[in-house]
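In what follows, a single structure is set out as structure tokens and then discussed.
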Amino acid sequence: MTLDTVKHAAETPESAQPWKELGLKQDEYERIREILDRRPTGAELAMYSVMWSEHCSYKSSKVHLKQFGEKAPENDALLVGIGENAGVVDVGQGYAVTFKVESHNHPSYIEPYQGAATGVGGIVRDILAMGARPVAVMDPLRFGAADHPDTKRVLPGVVAGIGGYGNCLGLPNIGGEVVFDPCYQGNPLVNALCVGVMKHEDIHLAKASGAGNKVILYGARTGGDGIGGVSVLASETFDSTGPSRRPAVQVGDPFQEKLLIECTLEIFREDLVAGIQDLGGAGLSCATSELASAGSGGMRVELDTVPLRDATLSPEEILMSESQERMCAVVEPGNVDRFLEICEKWDVIATVIGEVTEGERLEIFWHGEQIVDVPPRSVAHEGPTYHRPYARPEWQDALQADDANKLARPANADELREQILKLVASPNQASKAWITDQYDRFVQGNTVLAQPEDSGMVRIDEETNLGVAVSTDGNGRYAKLDPYTGAQLALAESYRNVAASGAKPLAISDCLNFGSPEDPGVMWQFAEATRGLADACQILGTPVTGGNVSLYNQTGDTAIHPTPVVAVLGVIDDVTRRTPIAFAEEGQLLYLLGETREEFGGSAWSQVVHDHLGGLPPQVDLERERLLAEILISGSRDGMIDAAHDLSDGGVVQAVVESCLRGGRGARLVVPDGLDAFTFLLSESAGRAIVAVPRSEELRFTDMCGARGLPATRIGVIDGDAVEVQGEFSIPLSELRTAHEETVPGLLA
Amino acid sequence: MTARIGVVTFPGTLDDRDTQRAVRVAGAEAVPLWHRDKDLKQVDAVVLPGGFSYGDYLRAGAISRFSPVMETIIEQAKGGMPVLGICNGFQVLTETHLLPGAMLRNNHLHFVCRDQKLRVETDKTAWTSDYSAGQEISVPLKNIDGRYVADERTLDMLEAEGRVAFRYLDVNPNGSLRDIAGISNEAGNVVGLMPHPEHAVEPLVGTGRTDGLGFFTSILKNLLKGANA
């Protein structure tokens, strides 16, 4: 075997290299040669190729993403912003919360169980690396049509993978979404979110500073999983005795990750690390180059000291391996022994693989010979930037002109009743309990609210009852009709959900799922969505703390609906004041907050009844969203509302049905003056919620809404065991329950 | 002076902190115990909490039973020390043969997390004396290997000796034989069950009910009574 050393590379400038097979463009390869002033070694080429990939470098998206920083609202709560493993928000009482949503879309299509499982594992390590104890997870999911045979392959595997991994980590799964649409056929979206809690002084950053500090790799051994394309390099550099194709999807071991969590938290408690980074995409290449790039000095790594699962791995493969459950720490020499002792206590393998140096280079050695000598910033932070062309698709006008408000409406009350039953039984509107009951929502004993509530809420301090709430939302149908508005609606809905449960929205994380950036139409959708989101964050005062972009979610020329998923984090000073969705108290009054217009573009009704997507999405009024949130939070804090449910897809009737079924009580509704029953029940106007108000609080509540200028319309009362719309129809709860709860198990069990 | 109740942490244990909280909520002192440590720190009783000890590799509870801490627990349980096994802890207790039977994969093959109704069948154990026989309670259930099985003779014996401690009501969530959710040993000091009483001790979190608190107040009262006698 010939080892492609730095010296060898300098001596053989003309040696052909498989840069193309590794996904690099010619100008990118030339730039690497320029940076190094020679051809890269095989190991260097592997590092650059993976770190300069779309996934790691955000090369197509970053010119648009920078708006999140440029337009960031003033926000005292933001302790750590974009660029670290995850953002950190001050939630008061000395606590900080870190949260982030990421995608694991492509692996989950190829291998649903492991793809979804390692998606959970990866985001949990990101949160852990910030110094936080992970306290909850959530999974926003999108699949193809519910009755498509491939959905039956992908969905149960994804759900079992999320459960199999998250349940074994002891992290409650408190929310998320499940959406079906034929546009996700072949491109399911498996996003994963994690929330972690720490004290301010425990925040840790990913940087390697202090010459002489040791670099420790700890956790699982490094194996051949998740290497994918790099194997072409291995076969290029080495003779045929080397390993052949490696599997591209990683395999997770949640037991190892649980040990890694407890071990790392104990290490944090004793303040033993100067810098820390998890190993995710691009493995050691990413961890070493990012740590060194963010620090003040260089780094020297002895790659042959890395503990392996497979002794035949080449140095390139070790650098690229995405084996799960690994972390990399920078530790002062005096703390190394104690660090290793704690790892031993938890049966976690830990190895000193290198040290921080005075220089400015990342140097990697293999049995004494140098195989990497690069400026770390050039790998980690100075990747290519593309200004991809973008253009509004030609079909956009025709799509928007195809007005959903003109679709045939139910001719009479019977037809309306029938369509409503069809709506609440449709896969997107039906109960997802069959899925979420496969996740542990109780573990850790702090879950205050979990699905199907508007947001998930966990207590973070047992003495003071301080808590945080998180909701994730996104509506690809709205975003397809108008990406700018669609992204804002995703934020507005998530923001509203958090406020409806009684928490004050503070900050967001986003997962931007789109098609190919090489398609100008998709790139336009991306540009519009990021612009919309950045503008909306500025108005609502909720900064983007971090997130993830997933591109190339398309098959052939057909892209998924643009699907920005927005996670909003909120804080609640006293979780005993939280507002559930359940209508539980007979006699309480139901108020509709906000204004209802005829807005059916992208609506659940237009999809379920007419299989239609056209027109414009609901209008956004962010000042109204802010006011609504303030009313919902005040109402909760001052005991004026006992239940609240945000209105989104499916409108008033969907929310009422969910709240009635949750509380086991019926509701009698009256169509308000100025609205017809159909619009009242099924329009999806934004900026609205339904609340249940105890009679004793009615005057105080309506006075508050009146004084603040929020329209509040009394629409009915909690009563009986049916959902009845006066003068229209009545549907017994038992009939609604059957319709709502039998669909998903019927399709998937 | 209150009772000291040990809570064991194996690698992969998940509900240890919840169980310690439940012990504290009941008014007892929670003492963390470590799997590598034979020393039980003079606790008066032990809880083996839920989770996936040793990743449930090989078989749930199969590796944990050989840990140093279990050596002492098995010995003292045989001498009468109260031991409660919850979920994975129940699986460990069957592996040690302190309790008969075994747990298999749920009959529907999925992990299941739900608010589960149970009937307390006996108030004659150290961990159920604060309930009344026949009382119905609801506590969370969450497992994938929860299907209790034993041979017919063992099941008949358990029934005859009043050692079926809990039965599933309304729904049998995993195919357990004779709807058995939990059992006790002959002396009544060792109890195991699949559902999670430690997740139902505060009205604020979980299912909003406190039906599980009785396990912890039962043992506390019994220990204090014993200490005063």
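Separation of segment A:397-457 and segment A:248-325 by C-alpha centroid, Å?
First find each Cα centre; the distance between them is then 41 Å.
When you count, for each residue, the other Cβ atoms within 10 Å and take the mean per peptide, how do A:294-300, A:28-34, A:544-550, B:153-159 rank with the highest first?
For the peptides A:294-300, A:28-34, A:544-550, B:153-159, the packing ranking is A:544-550, A:294-300, A:28-34, B:153-159.
Strictly over 24 Å apart at the Cα level, which of B:Lys124/B:Lys221; A:Lys504/B:Lys117; A:Lys504/B:Lys142; A:Lys258/B:Lys142 would you flag in this model?
Too far apart for the 24 Å limit: A:Lys504/B:Lys117; A:Lys504/B:Lys142.
Shielding by partners for B:108-120, please: the mean number of other protein chain Cβ atoms within 10 Å of each residue's Cβ.
Across the residues of B:108-120, the mean count of other-chain Cβ atoms within 10 Å is 4.
Which percentage, to the nearest 5, of the DSSP beta bridges contained in the protein assembly as shown is antiparallel?
Close to 75 percent.
Taking 0.36 nm per residue of separation and subtracting the Cα-Cα distance, what length does fully extending A:Glu74 through A:Glu369 add?
Going from the current span to full extension adds 101.2 nm.
Which of A:Gly486, A:Phe442, A:Leu399 sits farthest toward the positive end of the charge dipole of segment A:349-505, with +1 on the Cβ of Lys and Arg and -1 on the Cβ of Asp and Glu?
A:Leu399
Run the dipole for the protein assembly as shown about the Cα centre, Lys and Arg Cβ at +1, Asp and Glu Cβ at -1, nothing else charged, and hand back the magnitude in debye, nearest 20.
1200 debye
Within 10 Å of each Cβ of A:514-524, how many other protein chain Cβ atoms are there on average?
0
Roughly how big is segment A:1-105's charge dipole about its Cα centre, with Cβ charges of +1 (Lys, Arg) and -1 (Asp, Glu), in debye to the nearest 20?
160 debye
If the label point is 7 Å along Cα→Cβ of A:Glu270, which residues in segment A:316-341 have backbone nitrogen under 11 Å from it?
A:335-341
Would you tell me the mean number of C-beta atoms belonging to other protein chains that fall within 10 Å of each C-beta in B:55-66, as a whole number?
1
Between A:Ser696 and A:Ser730, take the C-beta separation as r, use R0 = 30 Å, and let me know the FRET efficiency to the nearest 0.05.
Taking R0 as 30 Å, the efficiency between A:Ser696 and A:Ser730 is 0.60.
Given 0.36 nm per residue, what is the gain on full extension from B:Glu186 to B:Lys78 after removing their alpha carbon distance, in nm?
Gain on extension, B:Glu186 to B:Lys78, equals 37.8 nm.
Say the dipole of the protein assembly as shown comes from +1 at the beta carbon of Lys and Arg and -1 at that of Asp and Glu; which of B:Phe10, A:Ala274, A:Asn548 then lies farthest toward its positive end?
B:Phe10
If you take the square roots of the eigenvalues of the alpha-carbon gyration tensor of segment A:404-545 and sort them as a ≥ b ≥ c, do you get rounded (a/c under 1.5), prolate (a/b over b/c) or oblate?
Oblate is the answer for segment A:404-545, as a/c is 1.5 or above yet b/c matches or exceeds a/b.
Return the single residue from B:Asp37, B:Asp16, B:Asp130 with maximal mean-square fluctuation; model: Gaussian network over chain B, springs between Cα atoms under 10 Å.
B:Asp37
Would you mind pulling out the separation of the Cα centroids of segment A:122-144 and segment A:60-84, in Å?
Centre-to-centre (Cα) distance: 20 Å.
Putting +1 on Lys and Arg Cβ atoms and -1 on Asp and Glu Cβ atoms, find which of A:Gly635, B:Thr94, A:Ala208 reaches farthest to the positive end of the dipole of the protein assembly as shown.
The residue sitting farthest along the positive end of the dipole is B:Thr94.
If you restrict to DSSP beta bridges whose two residues both lie in segment B:4-228, what percentage is antiparallel, to the nearest 5?
Taking every DSSP beta bridge with both residues in segment B:4-228, the antiparallel ones total about 55 percent.
Using alpha carbon centroids, what distance separates segment B:208-224 and segment A:165-199, in Å?
First find each Cα centre; the distance between them is then 35 Å.
Going by a ≥ b ≥ c, the root eigenvalues of the Cα gyration tensor, does chain A fall in the rounded group (a/c under 1.5), the prolate group (a/b larger than b/c) or the oblate group?
Taking the square roots of the gyration eigenvalues as a ≥ b ≥ c, chain A is prolate.
Where the only charges are on Cβ atoms (+1 Lys, Arg; -1 Asp, Glu), what is the dipole of segment A:438-562 about its Cα centre, to the nearest 20 debye?
Result for segment A:438-562 is approximately 160 debye, rounded to the nearest 20.
For B:Asp170 and A:Asp673, FRET efficiency with R0 = 45 Å and r from the beta-carbon atoms, rounded to 0.05?
0.50
Under a cut-off of 19 Å between alpha-carbon atoms, report the lysines in cross-link reach of A:Lys25, not counting same-chain residues fewer than 8 places apart.
A:Lys59, A:Lys62
Taking square-rooted eigenvalues a ≥ b ≥ c of the alpha carbon gyration tensor, is segment B:72-202 rounded, prolate or oblate, where a/c under 1.5 means rounded and, failing that, a/b exceeding b/c means prolate?
rounded
Rg and Dmax of segment B:4-228, using alpha carbons, in Å: what are they?
15.6, 48
Does anything in segment A:624-659 have its amide N under 14 Å from the 7 Å Cα→Cβ label point of A:Asp703, and if so which residues?
Under cut-off, by backbone N: A:640.
FYI, it's all coordinate maths here, none of it is from the lab. Just so we're clear, the structure is a prediction, and the values are computed from it rather than from any experiment. With ideal geometry, Cβ positions are generated from the backbone for all residues, glycine too; neighbour counts draw on all protein chains shown.
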